[in-house]
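Data first, discussion second: the structure below is written as structure tokens.
The values are calculated or read from the model by the stated rules, or taken from the named source; none is laboratory data. Here the structure is a predicted model, which is why all the values come from computation and not from measurement. A quick note on method: Cβ atoms are made from the backbone with ideal geometry, for glycine too, and the neighbour counts reach across all protein chains shown.
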Amino acid sequence: MSGSPVCGRGIRLHIGIPRVEVDTTGRYHLRNSRRVPLFELTQLRCGVVMFATRIAAIAMVIAGVASASAQTVYWADRGPEEVWAGAEIRRANLSGAGSETLAGGMRDAFGIALDPANLKVYWTNPVEEKIRRADLDGGNAEDIIVGASADGAVQIALDLSAGKMYWTGRTPSARMIRRANLDGSNIEDLVEMDPGNLWDIALDPAGGKMYFTALNLGTIGRANLDGSSVEYLLLVGTGRPVGLALDIPAGKMYWSSSASTDDARLLRANLDGTVIETILTSNDVHSMSDLALDLVAGKVYWTDNEFVAPDTIRRANLDGSNIENLGTLAIDPEGIALDLRGQNGPPIPTLSEWGLTAMALLVLAAATIAFKRLRVA
């Protein structure tokens, strides 16, 4: 915030509206801001102006703190099997508190991915052959792909730097990895696997690679982002990999194996499939479906479904210690994604309703006190 250097002749207060950019690693950066007039006070003495300016600055700080996005976990809940309109998209704080439903009334919801820079959430609806997106608060929901290309769509991943989304299909006619623009246009077929039963997908845009789990083949595959140079990193017989997440800085991949309650496991290996480690076993977890990593906090989150009720969201340290249950948050959770804005750098300064209210009230109080002092003077 800045003001005119001429005291007594008037002052114009401004707020800086920063530009927010996201790099290929998902980190946010504040760029040069543009100055927007907030309000103008004229013919005030220096002391009054200083007082009002300080109060306004405090208001802006409170607004900025309030607007910093709360770190949240999003998941797709398929709902009760007997209810064909009970699927939901939900979110909660990373502790599990404050859970809320963002979208509902769907026949299915499976994979989920976030575009925090553009405040969007994407998800798959394999039963209705749809890929959908909405604002992070659930508003402005829309179908972006409908029909055969979304038939059996399971998991979804976003390459925000290239403006692309990738998804896997599981039906006999759609055991394929496809991609499209984020608006659903320009659909491409990339990798076909029959009878691979493709499941999860994770991207390494900087490395030019996609990784995917092939449930029935019991392996994890890797290919270039255009689908070329497919290779398999794990031998058949190492389990049935389901969920998949990448720790690119450490050169590791994590995956879940949940073919039955006897083989529910969390494993990790190098990105080339070597040095396989078992992090959690069926003694530690009931089942594991999709995964998401919080690398700064050193946490892995997963959806726990199918075998033991009630289903829930869980997390643990990356070494498998300190398992936590975030509460009875879901009926049949599948896809999971984390919104960690503000963790790897400055928070995105989008003004929340609470922040705007706080700023308006304090600025109003500052102006009221200032003019009262001026009248007394």
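The table below lists the values:
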item: Filter result for the condition that a residue is touching a Leu at 6+ places or on another chain (Cβ under 7 Å), at pLDDT below 90 and either loosely packed, with under 15 Cβ neighbours inside 10 Å or under 27 Å from Arg78 (Cα atoms) (or both), over Thr312, Thr261; result: Thr312
item: Enumeration of residues in the range 242-298 that are outside any strand (DSSP E or B) and among the hydrophobic types (A, V, I, L, M, F, W, C); result: Ile248, Ala250, Ala259, Ala264, Leu271, Val275, Ile276, Val285, Met288, Leu295, Val296, Ala297
item: Qualifying residue in the range 94-106 (condition: touching a residue at least 40 places away in the same chain (Cβ under 8 Å) and closer than 26 Å to Met176 by Cβ); result: no
item: Strands (runs of 3 or more DSSP E) lying entirely in the range 131-240 (those with 1 or more residues that are touching a residue at least 24 places away in the same chain (Cβ under 8 Å) and over 23 Å from Thr274 (Cα atoms)); result: 142-146, 153-159, 164-169, 176-181, 188-192
item: Which listed residue is at pLDDT below 95 and not in a loop (DSSP other than H, G, I, E, B), from Gly64, Gly98, Gly79; result: Gly64
item: Test result for Thr72, polar (S, T, N, Q), within 26 Å of Gly163 (Cα to Cα) and at pLDDT 90 or above; result: yes
item: The listed residue being in contact with a Gly (Cβ under 6 Å, 6 or more places away or on another chain) and not small (Gly, Ala, Ser), out of Ile145, Ile187; result: Ile145
